[in-house]
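Data block below; observations after.
The values are calculated or read from the model by the stated rules, or taken from the named source; none is laboratory data. Because the structure is predicted, anything quoted here is derived from the model rather than measured. So basically every Cβ, Gly included, is an ideal-geometry build from the backbone, and we count neighbours across all protein chains shown. SASA here: full protein model, heavy atoms, side chains in, ligands and nucleic acids out. Shrake-Rupley method; radii C 1.70, N 1.55, O 1.52, S 1.80 Å.
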Amino acid sequence: MPTDAAAAFRFEANPAPVAAALRAERLIDPGFGRVFTDHMATIHWSDTQGWHDPRVHARAPLTMDPASSVLHYAQEIFEGLKAYRLDDGGIALFRPEANAARFRSSARRLAMPELPESLFVQSLEALVKADADWIPTQDGGSLYLRPFMIASEIFLGVKPAAEYLYMVLASSVGAYWKGGARAISLWVSHDYTRAAPGGTGAAKCGGNYATSLVAQADAIRRGCDQVVFLDAAERRWIEELGGMNIFFVFDDGTLRTPALTGTILPGITRDSILTLARAQGLRVEEEPYAVEDWRADAASGRLVESFACGTAAVVTPIGQVSGPDYAFTIGTGATGQTTQRILDQLTALQRARAPDPHGWLHRLD
Ligand code: PLP
Ligand code: COI
């Protein structure tokens, strides 16, 4: 299929969409990742036909052969981004081209075919247009889009599959955190690592999340909200959370985040924050930061704030940090000024309430 024929996503309307009154009820307090829309987008790939049959159709369970290779060898990648309802009634996606590029790079790492970026973006546009009534309008609400791809060949041999299925789900969401925005507590895992040099840390593949769950469960058991991972080689350098990047703010205004060494997911929120901060003349460092320095700097007052960031979590302040034999508070333990300012700037831009000098908003109208 020629790539620019992608505009031709065949639309097959859901014959039994959720009734408007029920939809309105579900949109009141949707939480995260539980309320799904009426449709989904799909594209097939095979080694003989390439990308074919792009469609938007009723969201429905999949019928899969139990020998489908994704079920055995986890050849799966995904993305996450949001569509927003703007004050003028329009709809915008935030930096979908960046997700398209990262999806291709994840595909390369998992030996999967690379979906052309235009097809990726058009699959989002087609689905969001079909399910626009599902975008929550309240502050903090959005339509979370989950593009993903699985190896669908029926074969138990260990090799890159010869068939794949790309899909997009849309989920009406409110705040990621139950109980709304507040400073979270982190557990530093000294037992488990997320990614090793040469591994898949920079790819957004389901396997990375599967292996993070035991560490996250450990964090919860110890009374913390989230786990933070250290590097696999020296077990010193702070990398990221299970589903968010991390930033540090120093008393001289410097902003630091771990460099992209190949073991960290190159977050689009991370990149947006770095770009906004640099444009404002803030000092920004992409440098390693050791957990013992984090602890000492928090105690001395040199480190004044820390926050996590990602599409789902947006910008989330970090209040407390603990490890096996230590615990410390960041700043006052509440949301710091810089964290709040970055959150406000980013959300204003995403909702077209601030200028968009980088052309990050992708309007659907
Ligand atoms: N790190 C991990 C492991 C993630 O899962 C995510 C979420 O997608 C992020 C960082 C932040 O990435 P982004 O800002 O592109 O959502
Ligand atoms: C996202 O922010 O899009 C993610 O994929 C993170 C996940 C924890 C929901």
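A few notes on this one:
- All conditions but one from (1) free of Cβ contacts under 8 Å to residues at least 60 places away in the same chain; (2) open to solvent by 10 Å² or more (accessible area, probe 1.4 Å); (3) within 14 Å of ligand 2 (Cβ to nearest atom) apply to Phe229; the one that does not is (2).
- Pairs with Cβ under 6 Å, 6+ apart, first in segment 311-327 and in contact (Cβ under 8 Å) with a residue 60 or more places away in the chain, second open to solvent by 30 Å² or more (accessible area, probe 1.4 Å) and more than 16 Å from ligand 2 (Cβ to nearest atom): Pro317/Thr335; Gln320/Thr329; Pro324/His190
- Filter pass, Gly33 being small (Gly, Ala, Ser) and more than 16 Å from ligand 2 (Cβ to nearest atom): no
- Where Phe94 falls short, out of the listed (1) touching a strand residue (DSSP E or B) at 6+ places or on another chain (Cβ under 7 Å); (2) of a type in the set (A, V, I, L, M, F, W, C); (3) within 14 Å of ligand 2 (Cβ to nearest atom); (4) over 22 Å from Gly359 (Cα atoms): (4)
- All of Ile238, Ile154, Ile220 fail the test of being within 30 Å of Leu124 (Cβ to Cβ) and either in contact (Cβ under 8 Å) with a residue 40 or more places away in the chain or hydrophobic (A, V, I, L, M, F, W, C) (or both), apart from Ile154.
- Answer from Arg104, Arg55 - the residue that is surrounded by fewer than 20 Cβ atoms within 10 Å (Cβ to Cβ), under 19 Å from Met167 (Cβ atoms), under 16 Å from the mean Cα position of the chain (by Cα) and outside the structural domain of Asp271 (by TED's automatic domain parsing): Arg104
- Close pairs from segment 80-106: first farther than 19 Å from Ser172 by Cα, partner within 11 Å of ligand 1 (Cβ to nearest atom) and open to solvent by 40 Å² or more (accessible area, probe 1.4 Å), Cβ under 8 Å, at least 6 apart: Ala98/Asp271; Arg102/Pro266
- Test: Ala111 is of a type in the set (Gly, Ala, Ser) and either outside any strand (DSSP E or B) or over 30 Å from Ser68 (Cα atoms) (or both): yes
- Residue count for segment 255-287, restricted to those that are open to solvent by 30 Å² or more (accessible area, probe 1.4 Å) and within 16 Å of ligand 2 (Cβ to nearest atom): 2
- Checking each residue of segment 285-301 against the condition of being in a loop (DSSP other than H, G, I, E, B), at pLDDT 95 or above, assigned by TED's automatic domain parsing to the domain that holds Ile220 and under 18 Å from Asp225 (Cα atoms) gives no match.
- Residue-level check: of (1) more than 20 Å from the chain's Cα centre (by Cα); (2) within 16 Å of ligand 1 (Cβ to nearest atom); (3) outside any loop (DSSP other than H, G, I, E, B), Tyr192 misses just (3).
- The number of residues in segment 238-254 that are within 11 Å of ligand 1 (Cβ to nearest atom) and surrounded by fewer than 22 Cβ atoms within 10 Å (Cβ to Cβ) comes to 2.
- Taken over segment 59-79, the criterion of being away from ligand 2 (no atom under 16 Å from the Cβ), of a type outside the set (S, T, N, Q) and open to solvent by less than 30 Å² (accessible area, probe 1.4 Å) is satisfied by Ala67, Val70.
- Selection within segment 75-101 - within 21 Å of Ala162 (Cα to Cα) and within 16 Å of ligand 1 (Cβ to nearest atom): Glu76, Ile77, Phe78
- Count of segment 38-52 residues which are in a strand (DSSP E or B) and open to solvent by 50 Å² or more (accessible area, probe 1.4 Å): 2
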